[in-house]
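K.L.:
Mind looking over this structure? Questions follow.
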Amino acid sequence: MHTTARLTHSELADHVAASPLSLTPSPTVQEAAAVIAEDLLTHRRPQPLLAWEAGRFPETALARRTNSREFIEQLGVDKLVAAVEEALLSVRALTIRQPWAGAITHLGKHCENRSTRIHYRGLLLVHAAKLTAGPTLVRQVRRMDPELPLPLQAVIGTARVAGCHRARYTEQGDVCCRPWGEPGTADSLVWHWELSNVRRLPSPVHWSGKQSLWRPTAELLDAVISSEEATR
């Protein structure tokens, strides 16, 4: 990957300083790499946090910066960049038909209904499929937002897979994860993939998808990161 090779010592240190890692005694290279990888894909900027913190808590802000810079110096930029690339390549993608992909990135759809359980936990590229779930469902979801963008065959955002549970009913008789969770039946199990930290991309990254959970290529990851960088 070429995008991560451009990261400087200062940029790496800023990402670590803006995360809880800077306050831990000895973060691992894997922990730091995971933070930076997610920052790159989700366009999370460390500087505003540090600027706010410097105004309110200057000693803490200085300590965070100092700790993170020393951590990067001891570790070495090349080693951390290599670890970031490894963390990026561990990311997965999921192709979802519209309007459900758009509902995740724009309407707060916090669960994905699937017939299979997922054991993966981590960052996920939200990819809109080539085909929709049908005009009726598109019209129903668009009633919530008539301007809802529904691009096809493109990565439109990121999310974190936080958990997975079987669809169940509450004590009140409602299916869990309302209003997006679907109920299961005795003959057809439904699993709710729990999504958190959803972020939309500034513009869709058009790319062909695949069935089930799939591994994005280095070229696709670079394209997602570059689309984020274009807005900075």
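K.L.:
What pairs come up if the first residue lies in the stretch 115-127 and is modelled with pLDDT of 95 or more, the second is among the polar types (S, T, N, Q), and their beta carbons are under 7 Å apart, counting only those six or more places apart or on different chains?
P.N.:
LEU124/THR158; LEU125/THR158; VAL126/THR105; VAL126/THR158; HIS127/THR95
K.L.:
At pLDDT below 90 and charged (D, E, K, R): does that describe GLU171? Before the answer, list the steps.
P.N.:
Details: at pLDDT below 90: yes; charged (D, E, K, R): yes.
Spelling it out, GLU171 is indeed at pLDDT below 90 and charged (D, E, K, R).
K.L.:
Let me ask something else about it. Would you mind telling me which numbered condition in (1) in a helix (DSSP H, G or I); (2) exposed (fewer than 12 other Cβ atoms within 10 Å of the Cβ) LEU131 fails?
P.N.:
Unmet condition: (1).
K.L.:
Also, quick follow-up: Going by the conditions given, is ALA162 within 28 Å of ARG44 (Cβ to Cβ), assigned by TED's automatic domain parsing to the domain that holds ALA128, part of a strand (DSSP E or B) and modelled with pLDDT of 90 or more? Full working, then the answer.
P.N.:
On the way: within 28 Å of ARG44 (Cβ to Cβ): yes; assigned by TED's automatic domain parsing to the domain that holds ALA128: yes; part of a strand (DSSP E or B): yes; modelled with pLDDT of 90 or more: yes.
Yes; evaluated as a whole, the condition is true for this residue.
K.L.:
Return the residues of the stretch 134-162 that are surrounded by 13 or more Cβ atoms within 10 Å (Cβ to Cβ) and more than 23 Å from VAL224 (Cα to Cα); say none if nothing qualifies. Talk me through it step by step, then tell me what you get.
P.N.:
Narrowing the stretch 134-162 to residues surrounded by 13 or more Cβ atoms within 10 Å (Cβ to Cβ): 137-138, 141-142, 144-145, 148-162.
Result: LEU137, VAL138, VAL141, ARG142, MET144, ASP145.
The values are calculated or read from the model by the stated rules, or taken from the named source; none is laboratory data. Treat the numbers as computed from the prediction; the structure is a model and nothing was measured. As a convention, Cβ positions derive from the backbone with ideal geometry for all residues, glycine included, and neighbour counts pool all protein chains shown.
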